[in-house]
Amino acid sequence: MERDKYIVIAEHYDKQLVKAVNDKIKAGYEPYGDVIVSFNETGVIKSYLQAMMLKEDK
């Protein structure tokens, strides 16, 4: 089964994002770019997002 080379993790809380990113790092992914914080229309944080790229075998 082929894994996606590019994924985006979205979580509601920063600590959940940290755990999810660490789990994906263990699975062979690397963070790609900065963490994005999205807000709702009233300015409250809606979610945290992190793009991840699968490490290429060399």
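The values are calculated or read from the model by the stated rules, or taken from the named source; none is laboratory data. Source: prediction; values computed, not measured. With ideal geometry, Cβ positions are generated from the backbone for all residues, glycine too; neighbour counts draw on all protein chains shown. In case anyone asks, the SASA skips ligands and DNA or RNA and just uses the protein heavy atoms, side chains included. Shrake-Rupley method; radii C 1.70, N 1.55, O 1.52, S 1.80 Å.
With all protein chains present, calculate the accessible area of Tyr29 using a 1.4 Å probe and round the result to the nearest 10 Å².
Rounded to the nearest 10, the figure is 10 Å².
What angle do you read, to the nearest 10 degrees and between 0 and 90, between the alpha-carbon axis of helix 14-26 and the longest principal axis of the chain?
Here the helix axis deviates by roughly 10 degrees.
For the chain, give the magnitude of the charge dipole about the Cα centre (Cβ charges: +1 Lys/Arg, -1 Asp/Glu; no others), in debye to the nearest 20.
160
Net charge within 11 Å of Val35 by Cβ-Cβ distance, Lys/Arg positive one each and Asp/Glu negative one each, not counting Val35 itself?
Taking every other residue near Val35 into account, the sum is -3.
Taking a spot 7 Å from the Cα of Glu11 along the direction of its beta carbon, which residues of segment 31-45 have an amide N less than 15 Å from it?
Inside the label zone: 31-32, 35-38.
Just give me a number: lysine pairs in the chain, eight or more positions apart or cross-chain, with C-alpha atoms less than 19 Å apart.
Count of close lysine pairs: 12.
Ignoring ligands, DNA and RNA, what percent of the 1.4 Å accessible area of the chain is carbon and sulfur? Each step should come with its number before you reach the end.
Details: 2610 of 4890 Å².
Heavy-atom surface of the chain belonging to carbon and sulfur, 1.4 Å probe: 53 percent.
Apply the Kirkwood formula to the chain: the hydrodynamic radius equals the inverse of the mean of 1/r over all pairs of different alpha-carbon atoms; give it in Å with one decimal.
12.1
Roll a 1.4 Å probe over the protein chains and send me the accessible area per residue for the chain in Å².
84
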